[in-house]
Amino acid sequence: MKIFAYGIRDDEKPSLEEWKVINPEIQVDYTQDLLTSETAKLAKGADSVVVYQQLDYNRDSLAALADVGVTNLSLRNVGTDNIDLDAAREFKFNISNVPVYSPNAIAEHSMIQLARLFRQTKELDAKVAEHNLRWAPTIGREMRMQTVGIIGTGHIGRVAINILKGFGAKVIAYDKYPNAELMSEGLYVDTLDELYAQADAVSLYVPGLPENYHLIDAEAIGKMKDGVVIVNTARGNLIDVDAIIAGLNSGKISGFGMDVYENEVGLFNEDWTNRDFPDEKIADLIARKNVLVTPHTAFYTTKAVSEMVQQSFDAAVVFGKGEKPETFVEY
């Protein structure tokens, strides 16, 4: 059996080498290049391909893969929103993902950012860097005194809730599909409007499905408490950035943490040193003392990367045997 992998980063290579030792009977070839209609030919002769990329899996790329006889696509990530699913159906692609690689990685990052926003660490760090060691006016808020609204109580949201409990914060949650254990704890509110009205901070853990598009928009922000803090480590399309900027300008939003961005393809995971950003909104957000921007790195831990490699290659082997892995994506 042969597996070909695209976009293998240097930080993934140790995990891939470990997997190869455990699976010596599998031939593995890879490239650091992403999957495109041009690079698809590299997979000729493979039983499955393993991929992770910010580029879209568009019709041309999928057609080119199918042309070389490969229709098993194993993602090293959870999201499938950048796949042309109509084309995938046409070419009869089998798709798998890694739905759970490390909920802790993303939950920890979101709560670290939330705590930093409450304590105004970005502004304080800038003052210290300038040798300004005065306290005022950079005063913080204690997590235990806050009500934090969690939207989405899947694997990641539940870890975030446990972290918040450790801080002593009051947690309220909303999910269209409530978790039985959290239900018994009485953490859920019935509507998003209730959550917005009560929460000092709102953190998102829902998928970027069409029904969640711009979940946080001007109308939603208008229902929130004055001085609300918003954190998004889920999907960029959950947030209307124009509404966020307007809320920051008015003071309605006192802090914003973002690890994902609606227009991040071609922007994140690139070095823009001494170059202008192609998007003035991201430059605006980065420049603000009450905004924390990370470039889709909440997942980026040694544990998560290892799981993403191991699980995706395991699924690729199952595909190669003509079977469906547990992580098969129904679409």
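Ignoring lysines fewer than eight residues from Lys281 along the same chain, the ones with Cα atoms less than 26 angstrom from its Cα are Lys122, Lys127, Lys223, Lys225, Lys252, Lys289. Across the chain, Cα pairs under 8 Å and at least six residues apart give a relative contact order of 19 percent. Sequence-distant contacts, meaning Cα pairs under 8 Å at least 6 residues apart, place the relative contact order of region 103-293 at 20 percent. Taking Cα atoms, how many degrees apart are the long axis of helix 13-22 and the longest axis of the chain, rounded to 10 and kept between 0 and 90? With both axes taken from Cα atoms, the answer is about 50 degrees. Among Arg134, Arg89, Arg144, which one shows the biggest mean-square fluctuation in a GNM of the chain, springs joining Cα atoms closer than 10 Å? In the Gaussian network model the winner is Arg134. Probing with 1.4 Å while keeping every protein chain in the model, the per residue accessible area of the chain equals 49 Å². Only protein heavy atoms count here; under a 1.4 Å probe, Lys20 has an accessible surface of about 60 Å².
Relative to the longest principal Cα axis of the chain, at what angle does helix 241-250 sit, 0 to 90 degrees, rounded to 10? Here the helix axis deviates by roughly 20 degrees. Given a Förster distance of 25 angstrom, what is the FRET efficiency for Ser184 paired with Arg144, based on the Cβ-Cβ distance and rounded to 0.05? Efficiency for this residue pair is about 0.60. In the chain, the DSSP-assigned H stretches of four residues or longer account for a calculated mean residue ellipticity at 222 nm of -10500 deg cm²/dmol, using -39500 (n - 2.57) per stretch and the full residue count as denominator. The fraction of accessible area contributed by carbon and sulfur in the chain is 51 percent, rounded to a whole number (1.4 Å probe; ligands and nucleic acids excluded). A straight Cα-to-Cα reach below 25 Å connects Lys20 with the lysines Lys2, Lys41, Lys44, Lys303, Lys321, Lys324, residues fewer than 8 places away in its own chain not being considered. Using the Cβ-Cβ distance between Asp29 and Arg275 with R0 set to 41 Å, the FRET efficiency from 1/(1 + (r/R0)^6) comes to roughly 0.75. What does the charge count near Tyr205 come to, summing +1 for each Lys or Arg and -1 for each Asp or Glu among other residues with Cβ under 11 Å from its Cβ? Overall, the nearby charge balance is +1.
Please report the net charge: other residues with Cβ closer than 15 Å to the Cβ of Ile245, K and R +1, D and E -1.
So the environment of Ile245 carries a net charge of -3.
DSSP bridge analysis restricted to the chain gives an antiparallel fraction near 5%, rounded to the nearest 5.
Axis of helix 302-320 versus longest Cα principal axis of the chain: the two differ by about 30°, to the nearest ten degrees. In whole percent, what relative contact order does region 195-316 give with Cα contacts below 8 Å and a gap of six or more residues? Rounded, it is 22 percent for region 195-316.
The values are calculated or read from the model by the stated rules, or taken from the named source; none is laboratory data. These numbers were taken from a predicted model, which means no experiment stands behind them. Neighbour counts run over all protein chains shown; Cβ positions are idealised from the backbone, glycine included. What goes into the accessible areas is simple: the full protein's heavy atoms, side chains included, and nothing from ligands, DNA or RNA. Shrake-Rupley method; radii C 1.70, N 1.55, O 1.52, S 1.80 Å.
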